[in-house]
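Every number here is computed from the coordinates shown, using simple stated rules; none is lab data. Since we're looking at a predicted model, the values are computed, not measured. Cβ atoms come from the backbone with ideal geometry, glycine included; neighbour counts cover every protein chain shown.
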């Protein structure tokens with residue numbers, strides 16, 4: 001099976017064209033070497049995928065015939081991503097919870113709506 005098709009079928013990318021684009025940008029390695037999208041993949045190949053600044057690694061147990069469901073992915077590949085890389089992912093998720101502090105730049109549209117709603121409630125209470 002082609003590399004781009006495998007990455008799509010085991011759900012590392014939403015579309016096959018995204019997998020092909022990652023191969024063109026040298027973000028995919030097979031057995032330690034940069035690989036093209038058309039490379040044939042066989043069982044026991046080790047694949048490294050760099051996505052969102054995280055290096056994922058997995059080994060192919062068997063090649064699926066077509067795209068498979070998320071529950072069946074573990075039958076076809078074994079995740080070998082180092083724990084440090086997964087910790088980076090957790091840190092990135094935690095850092096996205098940041099919200100703009102008071103006095104940090106212009107209010108967002110949501111801030112303005114909340115402020116308008118708050119001031120209109122005060123006006124109604126005064127009447």
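Taking each DSSP H run with n ≥ 4 as -39500 (n - 2.57) and averaging over every residue of the chain yields -12000 deg cm²/dmol at 222 nm. Taking Cα centroids, how far is segment 8-26 from segment 50-80 in Å? First find each Cα centre; the distance between them is then 12 Å. With neighbours defined as other Cβ atoms within 10 Å of a residue's Cβ, the residues 28, 54, 47 order from fewest to most as 54, 47, 28. Shown for 34, 10, 42: other C-beta atoms within 10 Å of each C-beta, ranked fewest to most, produce the order 42, 34, 10. As a proxy for reagent exposure, 114, 45 were ordered by neighbouring Cβ count within 10 angstrom, fewest first; the result is 114, 45. Output the 0 to 90 degree angle, nearest 10, between the alpha-carbon long axis of helix 109-126 and the longest principal axis computed from the alpha carbons of the chain. Rounded to the nearest ten degrees, it is 30.
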